[in-house]
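A short write-up of the structure that comes next.
The values are calculated or read from the model by the stated rules, or taken from the named source; none is laboratory data. The model shown is predicted, which means the values in this text are computed figures rather than measured ones. For neighbour counting, all protein chains shown are included, and Cβ atoms are generated from backbone atoms with ideal geometry for every residue, glycine included.
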Protein chains: 2
Amino acid sequence: MADYKAPLQEIRFVMNEVFDAPALWASMPRLAERVDPDTADAIIEEAGKVTTNVLAPLNREGDEQGCKWDNGNVTTPDGFREAYQTIVEGGWNGLGGNPEFDGMGMPKTLVVQFEEMMQAANMALGLAPMLTAGACLALDAHGSQELKQKYLPNLYSGVWSGSMDLTEPHCGTDLGIMRTKAVPQEDGSYSLSGTKIFITWGEHDMAENIIHFVLAKLPDAPKGPKGISLFLVPKFLVNDDGSLGERNAFSCGSIEKKMGIKGSATCVMNFDGARGWLVGEENKGLAAMFTMMNYERLGVGIQGLGAAEASLQSAREYAFERLQSRAPTGPQNPDKAADPLIVHPDVRRMILTMKAYVEGGRAFSTYCGQWLDIAKFTDDDSHRKQAEGMVALLTPVAKAFLTDRGLDVCVIGQQVFGGHGYIREWGQEQLVRDARICQIYEGANGIQALDLMGRKVVGSQGALFELFAEDMSAFIEKEQGNPALKPFLEPLAASLERLSDVTEHVLEQAQTDPNAPGAASVDYTDLFGLTALAYMWAKIVVAAAPKAENDTSGFYTGKLKTARFYYDRLLPKTVSLAEGIRSGSESLMRHAANEF
Amino acid sequence: MADYKAPLQEIRFVMNEVFDAPALWASMPRLAERVDPDTADAIIEEAGKVTTNVLAPLNREGDEQGCKWDNGNVTTPDGFREAYQTIVEGGWNGLGGNPEFDGMGMPKTLVVQFEEMMQAANMALGLAPMLTAGACLALDAHGSQELKQKYLPNLYSGVWSGSMDLTEPHCGTDLGIMRTKAVPQEDGSYSLSGTKIFITWGEHDMAENIIHFVLAKLPDAPKGPKGISLFLVPKFLVNDDGSLGERNAFSCGSIEKKMGIKGSATCVMNFDGARGWLVGEENKGLAAMFTMMNYERLGVGIQGLGAAEASLQSAREYAFERLQSRAPTGPQNPDKAADPLIVHPDVRRMILTMKAYVEGGRAFSTYCGQWLDIAKFTDDDSHRKQAEGMVALLTPVAKAFLTDRGLDVCVIGQQVFGGHGYIREWGQEQLVRDARICQIYEGANGIQALDLMGRKVVGSQGALFELFAEDMSAFIEKEQGNPALKPFLEPLAASLERLSDVTEHVLEQAQTDPNAPGAASVDYTDLFGLTALAYMWAKIVVAAAPKAENDTSGFYTGKLKTARFYYDRLLPKTVSLAEGIRSGSESLMRHAANEF
């Protein structure tokens, strides 16, 4: 298997050429003072080195060894402690963090690139900085000044790591029925008791302290989701001088045996009167946690993208190296016993499908990053409002679509290897097992789809969708005269129209049929994602076309040809999805219990 | 996780009611004398017991323990030896075998039902009887009378097991470039030397002897696939009196660490001058091996179906038991904290998708069995010829489509469990890992698709496809007046027309573009499979409708509603597939090497 190499040319192309992020940064004063193109480029370069040279080489063995639990302690695979230390020393945990508390304050259009490289190189280890960064976001947005000063600097540095404790054995999606209790103490702290499961990196040996962000219910809390509060619960209590005090009253009861991401610890956490501090207001914990969740959701989408990129790199190399059978047009490699796999049309279809989803997906994650940057840094209220709407709309698409395609791409990458793809030593099957979790955690993809269709699209009566449609329409309008886009604009406009029609259709159905959004949701998310990727590929064409004319490297001409492939072979899926959605909820809802 | 229970009502429904297999058996004298409905039913009943009570309980632990290799010996997981012995005692290895050599001679329409149950219960162990049965088929069809008498009875009983040795490190799909040599000896035997990999159950401790069927090249063999011969190479040489003699000169060098089917041994086999005997003619080994491969290919399709059925059983049970959130129409379970998952439209979509593919797939495997029975047992030459054509056409569809949907269904089944689906103890993730191999081995699904599109459809200039189209058309014609089919016949006819048009289109393209079949192949196989399943669901409706009128059990009414779901939500995929195929090979073939 090819070792992962950070695809710096691809990343720079998307960030600088497709989205011209430097111009975006320069346009917003609060960002302009922090980042310039040279700094950003140096960060990309260094991120490439760390992920390629430090994280990626540990990925395979991390899967074989896994984490080990012994009497409440978790030992990480060989090399993970040292690699985590490298991340700490490079300040990568705080790349996007608040500079007021020692974060680096870099824009998301840059941070997503680092995240992709980290997750592609080693998803199991990459979960630790990802969760820490998410925890910081929640604390920064909702915590008291005192809590922030006490915890944020060490979390941004990564000397301490963050963890997120939501799920309980009987509740995952439906957090309203959770049982963990938090009882107020006289000193202003709370005493937490209960059991949390599926806690990623809840316990480990890589950081000095682990700060848990725990959802729990106050004794007098209202029932359901409106009675949940968020607490900061450190593994070691922190003294006023910042030194570590006694061990808090909670422990890791066991770690799960899982399908993949075996290098990470997935913990059962038992809280037995643990001391915690309220983050934000009482009974408003779910909102605070969603600050974190929304960050993680794009992050998990990027995990799917990263795994897909890693799979693509290996499969592409294998397709050029492995000799098997002859091309349909006759031997291309007459001196050897067989031609390389890449001569076969169906192998090309596989590699191009991977490439189209990965490169389109990278553009989409950067597109999301762009709206996150505008939402955070613009001084223009209406632009911010637009951006916030786009972020709300696009987050579930990024999470679900990028991870669904992430699994698809990894499965294809495994298929390219034939029988060797099924054998552990080649690494392709690990990517499938690792990528699979991304569709499940941080809100299963069915829940993302409901969020998109129900809360965002129907909930806004289509207003959020209109933001996206207007952005796409403006692009189509602007590029009418662009000769490079000539073959693409018509199908692009048609696919936007299809998506708009279906959106309209579901909005209408939803008025009389409460089941309509749920019946449409997953197919609608796919339809949305495929349409968005068509838009991304059109943007890629705009950026690549001028350079393709004198391109001997194949980089830019390859982009134009892959765009064509995407429009010919993948975008047509939207037709079927739309047809399926239009059939409504009836064929789902008619079955009585004994008819399943 | 629900333990697998053989779905006897479903199986009897398909075999007896949808296909009326007893009438088929009675119509062909050679079969009529061997099997009657009571015998068949007793076999189904007993198969249900053995698979449910003996094989299924070992499945989970077999995955955890895996096989162990030590100095050439392979130890199977706890209980596998005893379970295999139960299979031997029941005569299950020889269920479809030639009665002349102690096989039971049962029809394939019955055998496929047993195969499904066995593979659903325990795919790893199920591979052993499957490979043995395939080996018997090749030996029975191509071996000398002497070889048959010496080996078949003990293979049919399962006292000895069979194994199939094709792949080498540098060649899987492209067997023409293999290197294993067979040198003729004076006594009429051959001396085999070389290394074979990915040899399923090549070594184990469950049977007294293991009979390898090895492809190798004679010293003067022509280059390529026309220079391959097939040899029978027993682990222990067999004396003339049938007793076991000395150990043959080959051994298992190691077993693979794999993604799944860990309870089975996947062996590297080293042949060092091993004694073997020619099966069939010199240099015609590939044809002989294909007798075996074709059998296995349907068998592997059934593995995908079996895994899907197992996943469906668990996911359906979980969806009714797990309480999470409220129905969109308000609480359905007001006394409890939440409603069961099954109230949510998207969960219903998931379960119904699984159900539609599994039950449609079961009908399709029985449909294939029907044509295999006719090909083998009819005395009518033209009917046999038709059946042989159908078998040739349908085999790659059964292998690829049933295993692709097998993975899809298992992934959905895992998704229904949320986070618990990713944890090993629940068993859903094992089904995903196990099912994944079915898309790869016995000819990767891309190869199946090429076989269908290139060799079968284009190779016959569409004649084989016409057989299928005529069978479907005859059904549509015959059922015109059937009121139960009223909502289905029009879309069914439209989907046949779509498939016919696309077939015509590719046939035309192939005349001038050698890449056209390969560019279309995988999407064409999907399109074919989806259309065939629409046909199967229509057949199910015909069988179910009369009984649905007074059905309080929900069994028959559920069939009608699931058919509706299939037509509304899954069949529309054919529209997109057809559109993608029509774009031709250009967008696949334009990329230069540096443009990927």
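Just a few scattered comments:
- Residue tally, condition surrounded by 17 or more Cβ atoms within 10 Å (Cβ to Cβ), of a type outside the set (G, A, S) and over 23 Å from B:V502 (Cβ atoms), over segment B:448-489: 2
- Candidate set: segment B:325-362, residues that are closer than 12 Å to A:N515 by Cα, part of a helix (DSSP H, G or I) and within 7 Å of chain A (Cβ to nearest Cβ); chosen: the one farthest from the chain's Cα centre (by Cα): B:P345
Here's the yes/no breakdown for (1) over 20 Å from A:T366 (Cα atoms); (2) touching a His at 6+ places or on another chain (Cβ under 6 Å); (3) of a type in the set (A, V, I, L, M, F, W, C); (4) modelled with pLDDT of 95 or more:
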{"residue": "A:W25", "(1), (2), (3), (4)": "no, no, yes, yes"}
{"residue": "A:T39", "(1), (2), (3), (4)": "no, no, no, yes"}
{"residue": "A:N53", "(1), (2), (3), (4)": "yes, no, no, yes"}
{"residue": "A:T76", "(1), (2), (3), (4)": "yes, yes, no, yes"}
{"residue": "A:R81", "(1), (2), (3), (4)": "yes, no, no, yes"}
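- Of the residues contained in segment B:537-553, one or more are found to be facing chain A (nearest Cβ under 7 Å) and within 30 Å of A:E586 (Cβ to Cβ).
- Count of segment B:571-581 residues which are closer than 19 Å to B:K355 by Cβ, surrounded by 21 or more Cβ atoms within 10 Å (Cβ to Cβ) and at the interface with chain A (Cβ under 8 Å from one of its Cβ atoms): 1
- Selected residue [charged (D, E, K, R) and assigned to a loop (DSSP other than H, G, I, E, B)] from A:E425, A:E470, A:E442: A:E442
- Any hit, segment A:255-275, residues being within 12 Å of A:D165 (Cβ to Cβ), polar (S, T, N, Q) and surrounded by fewer than 24 Cβ atoms within 10 Å (Cβ to Cβ): yes
- Failed item, numbered, when A:N445 is tested on (1) free of Cβ contacts under 8 Å to residues at least 24 places away in the same chain; (2) crowded, with 24+ Cβ neighbours inside 10 Å: (1)
- Scanning segment A:161-207 for residues that are away from every other protein chain (no Cβ under 14 Å) and free of Cβ contacts under 8 Å to residues at least 12 places away in the same chain turns up A:E186, A:D187.
- B:S243 within 14 Å of another protein chain (Cβ to nearest Cβ) and either at negative phi or more than 30 Å from the chain's Cα centre (by Cα) (or both): no
- Members of segment B:583-592 found to be more than 7 Å from chain A (Cβ to nearest Cβ) and either surrounded by fewer than 16 Cβ atoms within 10 Å (Cβ to Cβ) or over 32 Å from the mean Cα position of the chain (by Cα) (or both), listed by number: B:E586
- Test for A:G263: is it more than 14 Å from chain B (Cβ to nearest Cβ), among the small types (G, A, S), more than 14 Å from A:S193 (Cβ to Cβ) and not in a strand (DSSP E or B): yes
- Neighbours by Cβ (under 7 Å, 6+ apart or cross-chain): first from segment B:510-537, within 19 Å of B:A469 (Cα to Cα); second of a type in the set (D, E, K, R): B:S521/A:D346; B:L530/B:K573
- Segment A:461-478, residues that are without any contact (Cβ under 8 Å) to a residue 60 or more places away in the chain and within 15 Å of A:K385 (Cα to Cα): A:E466, A:E470
- Within segment B:208-224, tally of residues that are surrounded by fewer than 17 Cβ atoms within 10 Å (Cβ to Cβ) and either part of a helix (DSSP H, G or I) or in contact (Cβ under 8 Å) with a residue 40 or more places away in the chain (or both): 4
- Residue that is surrounded by fewer than 19 Cβ atoms within 10 Å (Cβ to Cβ) and more than 14 Å from chain B (Cβ to nearest Cβ), where the choices are A:E321, A:E281, A:E296, A:E317: A:E281
- Residue satisfying condition, being in contact with a Pro (Cβ under 8 Å, 6 or more places away or on another chain) and either surrounded by fewer than 24 Cβ atoms within 10 Å (Cβ to Cβ) or at positive phi (or both), within set B:P514, B:P546: B:P514
- A single entry from A:G158, A:G91 fulfils the requirement of being surrounded by fewer than 24 Cβ atoms within 10 Å (Cβ to Cβ), under 21 Å from the mean Cα position of the chain (by Cα), over 24 Å from A:R436 (Cα atoms) and in contact (Cβ under 8 Å) with a residue 60 or more places away in the chain: A:G91.
- Count - residues of segment A:370-412 that are of a type outside the set (S, T, N, Q), closer than 23 Å to A:V347 by Cα and in contact (Cβ under 8 Å) with a residue 40 or more places away in the chain: 9
- One residue from B:F213, B:F231 being out of contact with any helix residue (DSSP H, G or I) (no Cβ under 6 Å at 6 or more places or on another chain) and more than 14 Å from chain A (Cβ to nearest Cβ): B:F231
- Test result for B:G413, small (G, A, S), within 13 Å of the chain's Cα centre (by Cα) and either in a helix (DSSP H, G or I) or more than 8 Å from chain A (Cβ to nearest Cβ) (or both): no
- B:S144 in contact with a strand residue (DSSP E or B) (Cβ under 9 Å, 6 or more places away or on another chain), surrounded by fewer than 24 Cβ atoms within 10 Å (Cβ to Cβ) and not aliphatic (A, V, I, L, M): yes
- Number of the condition not met by A:M292 [criteria: (1) part of a loop (DSSP other than H, G, I, E, B); (2) touching a Leu at 6+ places or on another chain (Cβ under 8 Å)]: (1)
- Selected residue [more than 8 Å from every other protein chain (Cβ to nearest Cβ) and either farther than 20 Å from A:P491 by Cα or touching an Asp or Glu at 6+ places or on another chain (Cβ under 7 Å) (or both)] from A:A510, A:A563, A:A532, A:A519: A:A510
- Those residues of segment A:144-171 which are in contact with a Leu (Cβ under 7 Å, 6 or more places away or on another chain) and within 13 Å of A:F101 (Cβ to Cβ), in sequence order: A:L147, A:K148, A:Y151, A:L152
- Residues within segment B:225-247 that are among the hydroxyl-bearing types (S, T, Y) and surrounded by 16 or more Cβ atoms within 10 Å (Cβ to Cβ), tallied: 1
- Members of segment A:429-456 that are touching a Leu at 6+ places or on another chain (Cβ under 9 Å) and either closer than 16 Å to B:D408 by Cβ or within 7 Å of chain B (Cβ to nearest Cβ) (or both): A:V432, A:A435, A:R436, A:Q439
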